[in-house]
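Here, each number is a calculation from the coordinates, and none is a lab measurement. This is a predicted model, so every value here is computed, not measured. Here the Cβ is made from the backbone with ideal geometry for all residues, glycine too, and neighbour counts use every protein chain on show.
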């Protein structure tokens, strides 16, 4: 599971300085970030920021080579995630990039709109907003776009076409998608009462409905729940599995979807494994390669068990079909890859939380029947990201806890990471004016300025390390918990993890461990931020014309805040100088409310109580106050804020001697989203052609 943020004032060095009384001088503290702002019309502004991976230069050559080949495997698989977001997304991207790179003679006002749309596509990996799940459209006419494409072709652009289809016919086929906001408007539709499959525009299902898929899966016919597309053919549901195919155990496994992409991924994973830090890490890469060949979920399970158990290497990765947010059923994983290396000093500090996981499990407020009795120390690492692709980037989480499979968590543990350089970039490019606009009092502002970065830091750690890894299922349930909550599991689980953080922040054990010095003020700062964000600032992400939340993290935050507001007697809504504020009136009552809600959420998960989950989420987490949203948008507009951030990743290139031997891996920073995206597209296109020859 992932933890996302928008305006988080979360700076890990604050804690280092607090503990050691002497701030550590690092390049990140002096880094001047390159920022480009994209105006998204009625969706809001997007900020493009260059990501830096300081410390890469200090790694050994073996570690750099390991990262380099993992980096290439990450880029090689990125198109899989784009295609999963919409069946026509790769075709649309090809058109946009053709115009972008062959733009001579195109009318300036048309080119401006196509360029904006292209950059938004790159940031979101499709024509759908990463946060709201809503489609954004081209703000030029269909005729103007067709003219621009035709000009690009005259300028030398090559555009692929389906057999028997002309370029004009292709553009006509895509016209509704590009220009009509009411055609396939939502990428993932989780609206109660809607057909969550038929009315979702993503490419995880084809020609079927939620009822058909649900009945089919319950009949035990779904064999590849995580890594397949379900298609209705001749009236029968079939799974198109994501795999290369292979000769396996004396038989032959046929080629599946994305075979060429996955073959390229495998090619670079195979190179990377020769530079693994230890035999277990090498063995795990071999298991991952086997999974990409077979698509078998047991092979994926074997890889995850080994990945959790490998804790020695400073270099690690997240790689595979992992998060299920894109799927309204919460079953299909979207491809992602993250390559990273550890920050040992900060990791050592926060590992103390994971080491004491059993203590925190014992002190959760839910029933003993749902508490684990033999919690293994949980791995927690503060990392620097080198590259994120697919579901992981350019829009990035700040914290991740994996694997998602409940039984592996219970028996083998999990890994949690905070993405340090991502957080630093958010912090450096965010500013504090949003705090001063939406805080309910001068005292809240003062507390946030002193404690908010530490509170956000611990929220991420407690959410990822303890939240997702805590609790257990009732012995009467035999399936993974997500199967009991179609359309609701991701929201439920993120709610539970956030509440775990809000509960444990008061625990004096954190002071004893040396990661916190003032429990009460830090806890209050966390609570202030959660209510301020959930009730006010996150509303800027919901465009006018819409009255509900789509994204799971947004729904979970509103669920918590609105439930506490209505039921805990600890929050009031107030007007001040014509502006709306939410003020916490009693922090201890709010803490008690957090414990009560968390206990119920854990019961719901442990018992597979779908109706209770649906009732809670639909009542408190779905609909928004549109008048309040309009007020927030007006206040935000005066601040010139970005709604979310997309990152330009570092670039890695080998340096070779006269014999062609790699002597070093050079890291550089493109400072240019377009340059990087075009290089990625060229790379994946070339790699697919190579893979086709191998798979013949």
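Take each peptide in 678-690, 514-526, count the other Cβ atoms within 10 Å of every residue, and average; sorted highest first, the result is 514-526, 678-690.
Starting from 0.36 nm per residue, how many nanometres of slack lie between residue 476 and residue 449 once their C-alpha separation is accounted for? Could you put the intermediate results ahead of the total?
Values: separation 27, 0.36 × 27 = 9.72 nm, distance 4.77 nm.
Answer, rounded to one decimal: 4.9 nm.
Could you give the length gained on full extension between residue 579 and residue 94, defined as 0.36 nm per residue of separation minus the Cα-Cα distance, in nm?
This chain segment gains 170.0 nm when fully extended.
Translational diffusion coefficient of region 416-572 (Stokes-Einstein, Kirkwood radius from Cα pairs, 10 °C, 1.306 mPa s): 92 µm²/s. Spin-label pair residue 211-residue 238: with each label point 7 Å from Cα along the Cα-Cβ axis, the two points sit 2.5 nm from one another. For region 87-182, the extents of the C-alpha atoms along the principal axes are 37, 32, 20 Å, listed from largest to smallest. Each of 382, 265 was scored by other Cβ atoms within 10 Å of its Cβ. Arranged with the fewest first, they read 382, 265.
Site pair residue 610 and residue 657 shows an inter-label distance of 6.4 nm when each label is modelled 7 Å from Cα along Cα→Cβ. The simple spin-label model puts a point 7 Å past each Cα toward its Cβ; for residue 165 and residue 675 those points are separated by 3.4 nm.
Could you grab the relative contact order for region 87-182? Cα pairs under 8 Å, six or more apart, rounded to a whole percent.
Values: 93 pairs, mean separation 34.8, N = 96.
Relative contact order here is 36 percent.
Once the Cα-Cα distance is subtracted from the 0.36 nm per residue extended length, the residue 359 to residue 278 segment shows a gain of 26.0 nm.
Shown here is the pair-distance distribution of the chain: with all Cα-Cα distances grouped in 10 Å bins from zero up to the longest one, the shares run 3, 15, 26, 29, 19, 7, 1, 0 percent. Normalised by the number of residues in the chain, the average gap of Cα pairs under 8 Å and 6 or more apart makes the relative contact order 19 percent. Fewest neighbouring Cβ atoms within 10 Å first, the residues 502, 257, 677 line up as 257, 677, 502.
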